[in-house]
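The values are calculated or read from the model by the stated rules, or taken from the named source; none is laboratory data. Model, not experiment: these values are computed from the prediction. No Cβ is skipped: glycine too gets one built from the backbone with ideal geometry, and neighbour counts run over all protein chains shown. With ligands, DNA and RNA removed, areas are computed over all heavy atoms of the protein, side chains included. Shrake-Rupley method; radii C 1.70, N 1.55, O 1.52, S 1.80 Å.
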Amino acid sequence: MARVSESVGRAPSMTDVAAAAGVSHQTVSRVLNGSELVKDETRTRVLAAIAELGYRRNNAARMLVTNRSGRIGMISAHLVLHGPSMIAVSVQDAGHKAGYDVSLVAVEDFSPQSLREAVGRLRDEAVEAIVVAVAHREALEQVRSLDTAVPVPVVVVQGVSTGQPMAVGIDQEAGARMAVEHLLDLGHRHVAHLTGPLEWVEAGQRRAGWQLAHEHRHVLPGPELVGDWSPRSGYEAGLRIAEDPDVTAVFAANDGMAMGLVYALHEKGRDIPGEISVVGFDNIPEAPYLWPALTTVNQEFSLLGRRAVELTLQALAGQVDPSTELIRPELVVRDSTAAPGH
């Protein structure tokens, strides 16, 4: 590879990369834009030159030439929680692989003011589209107002219902039904449910799945307790459940609450799964290493990110009201569930 002398005080340019790699300026541009017309050997040489020189594309210059920023905006909240954080990571990763920078704006809530401010920040960056990960029912109503207020495509990736246009999501109701049907198939009846905060759309969808699983079997559901996604709320619910001899199985709406629930049951001397089976939701990295290992519902966040970016690109290409099917989650059976009295 040819060497290029460094210019003091000047960032490396595309011309410097071309000289270092021994190719034309146009070839470097084709590599940066993901063209398939470049030979693998040449692409490798150009990428090596980019890495060696520390070249960074000038997005402002690129926008002047193409009238496109190559940037997608994303608005998200509650990033301390597993689901929202993984959604944000998956969209960013998929966007980067598709050749787009992703600008993430994290907000504490989805008030009208915070939403306007987040959109304003992204518009200042000339984003070509905005992906919104929402959690609350009120927030979804606010996001729908963006369809006419923002002159770029808006894609929703959380709190999504079947057939919703400009949206991609994981089928929360189906995942909850899988979890509860697994417990019913083991012989449990009247499965208790520890819900998430019901102002969250996905908490309501998981609750609906719990109810539908019982309706399908023509049995009444067990007791319902409300949590707030935290292990602490799971622990408090577990203390109450431990005192109820009729409860033999619990479906917790996320793994964090399931962890607290399991801890409380252990503390009260209730055997899992011998006396009480527990199922969570999310399949957090710690789930296989709890004692016992937690049966849970896995959400494929990487696929969600890819679908969200694909949908965004379709919208940018002019497809009217593109929509996708909800992604079906998968039940992961581990040691925290067994037949009653096992």
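Remarks
- Taking the accessible area of the chain, probe 1.4 Å, and keeping the other protein chains in place, the carbon and sulfur fraction comes to 51%.
- Which of 295, 257, 169, positive extreme of dipole for the chain (C-beta unit charges): 169
- Between residue 219 and residue 108, the modelled label-to-label distance comes to 4.5 nm, taking each label 7 Å out from Cα in the direction of the beta carbon.
- Share of pairwise Cα separations in the range 164-266, more than 17 Å, in percent: 49
- Solution diffusion estimate, µm²/s, Stokes-Einstein, the range 83-196, Kirkwood Rh from C-alpha pairs, 4 °C, viscosity 1.567 mPa s: 80
- Coordinate range of the alpha-carbon atoms in the range 210-342 per principal axis, descending: 60, 35, 26 Å.
- Sorted from longest to shortest, the spans of the Cα atoms of the range 260-321 along the three principal axes equal 60, 20, 16 Å.
- Net lengthening on full extension, residue 226/residue 24 (0.36 nm per residue, minus Cα-Cα): 66.4 nm
- The charge dipole of the chain, taken about its Cα centre with unit charges on the Cβ atoms of Lys, Arg (+1), Asp and Glu (-1) only, comes to about 1360 debye.
- Positive end of the dipole of the chain (Cβ unit charges, origin at the Cα centre): among 313, 111, 339, the Cα lying farthest that way belongs to 313.
- Stretchable slack from residue 124 to residue 37, in nm (0.36 nm times residue separation minus alpha-carbon distance): 27.9 nm
- Residue 298 paired with residue 97, simple spin-label distance in nm, labels 7 Å along Cα-to-beta-carbon: 1.6
- Radius 13 Å from Cβ of residue 298, net charge of other residues (Lys, Arg +1; Asp, Glu -1): -3
- For the chain, the Rg and Dmax computed from alpha carbons only, in angstrom: 24.6, 78
- Relative contact order, percent, the chain [alpha-carbon distance under 8 Å, six or more residues apart]: 16
- Local electrostatic count, residue 310, Cβ distance below 13 Å [Lys/Arg +1, Asp/Glu -1]: +2
- Summarising the label geometry, the points placed 7 Å from Cα in the beta-carbon direction at residue 339 and residue 263 lie 3.3 nm from one another.
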